[in-house]
Amino acid sequence: MKKVVFLSENFISKIMELLNPQANSNTESLTILERIGKGDKTAIEECVNTYGNLILALARYHTDSSEEAEILTQEIFLDIWRYARRFDSVKFSESSFVYLIARRILIKKCGNYAVSKLFNLVF
């Protein structure tokens, strides 16, 4: 699997520091977001590798520059990590939860009705 390179190791390590240092040792049956919510630091890199290309592609599609897309991608990941504890696998699939966070940030930052309309057509 290709490693996503738009997030610096320093950025990822700062996010890891913000999380609870007590990781759950029984994480095999948990989703990535559930593991992040419980403080599993290895789940952060897995989240970036799993959803990074999708989020960056969405951000690039809705912005004029690569730099702006990377900044939005980082904001989206910050919100994913911030709200990971709220994720409920009974209510949402993990990819839907990630997608909804990305959608909210992109609509808020881009302020574009077309963004909202496009997202409504996709799902």
Exactly one of 91, 2 is of a type outside the set (A, V, I, L, M, F, W, C) and either buried (at least 19 other Cβ atoms within 10 Å of the Cβ) or at pLDDT 85 or above (or both), and that residue is 91
Looking at the stretch 94-108, can you tell me whether even one residue there is of a type in the set (A, V, I, L, M) and modelled with pLDDT under 90?
yes
So, in the stretch 44-63, how many residues would count as being over 16 Å from residue 101 (Cβ atoms) and not polar (S, T, N, Q)?
4
Selection count, the stretch 16-43, where residues are modelled with pLDDT of 90 or more and not in a loop (DSSP other than H, G, I, E, B)
8
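If you scan the stretch 57-68, which residues turn out to be part of a helix (DSSP H, G or I) and either of a type in the set (S, T, N, Q) or surrounded by 20 or more Cβ atoms within 10 Å (Cβ to Cβ) (or both)?
Listed by number, the residues that qualify are 58, 59, 66.
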Going through the stretch 55-72 in order, the residues found to be free of Cβ contacts under 8 Å to residues at least 12 places away in the same chain and of a type in the set (A, V, I, L, M) are 57, 71
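The values are calculated or read from the model by the stated rules, or taken from the named source; none is laboratory data. Only a predicted model underlies this, so the values are computations on that prediction, with no experimental measurement involved. In this analysis, Cβ positions are derived from the backbone assuming ideal geometry, glycine residues included, and neighbour counts consider all displayed protein chains.
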